[in-house]
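Notes follow once the structure below has been shown.
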């Protein structure tokens, strides 16, 4: 249920030109670069990033170690039904890589809150996002 809701919310992303997406590599990948031609499997934990650089859990993760009921990879294709910042960030990554994607509000959900306070997950309006994402590999060939 959580995953289905987040996919729906990702599809409602805001397209804007504000701010830059930053990628901070945690562990390098040994695979080919991510492209828009494939669908990929990933493990992701989403945080709200505060102005002072601290992070707050949003309530959404695909990792059991970060609160998911079980490890459940998230499939995506860059440029399709995602927020602008996610696509920009993952296109700077390679298969097997784990990184933090720092996404400014304008390239995330902008002024639109997502989820509900006290619900499964919540992203307040105008939130900067921090994705802890690991690209596991391709799940489909060229589309």
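The values are calculated or read from the model by the stated rules, or taken from the named source; none is laboratory data. Just so it is clear, the model here is predicted, and its values are computed rather than measured. Note that we place each Cβ from the backbone using ideal geometry, even for glycine, and neighbour counts take in every protein chain shown.
Looking for something more than 18 Å from residue 98 (Cβ to Cβ) and touching a helix residue (DSSP H, G or I) at 6+ places or on another chain (Cβ under 8 Å) - is there at least one such residue anywhere in the stretch 60-77? Yes: one or more hits. Just one of the numbered conditions (1) over 24 Å from residue 33 (Cα atoms); (2) over 16 Å from the mean Cα position of the chain (by Cα) is not true of residue 123: (2). Put simply, of 113, 57, 69, 78 the only residue that is crowded, with 19+ Cβ neighbours inside 10 Å and free of Cβ contacts under 8 Å to residues at least 60 places away in the same chain is 78. When residue 17 is tested against the conditions (1) within 16 Å of residue 104 (Cα to Cα); (2) modelled with pLDDT of 85 or more, the lone failure is (2). The sole residue among 92, 107, 138 that is in contact with a helix residue (DSSP H, G or I) (Cβ under 7 Å, 6 or more places away or on another chain) and either more than 12 Å from residue 21 (Cβ to Cβ) or at pLDDT 95 or above (or both) is 107. Would you mind stating whether residue 36 is in contact with a helix residue (DSSP H, G or I) (Cβ under 9 Å, 6 or more places away or on another chain), in a strand (DSSP E or B), modelled with pLDDT of 95 or more and surrounded by 12 or more Cβ atoms within 10 Å (Cβ to Cβ)? It is false that residue 36 is in contact with a helix residue (DSSP H, G or I) (Cβ under 9 Å, 6 or more places away or on another chain), in a strand (DSSP E or B), modelled with pLDDT of 95 or more and surrounded by 12 or more Cβ atoms within 10 Å (Cβ to Cβ).
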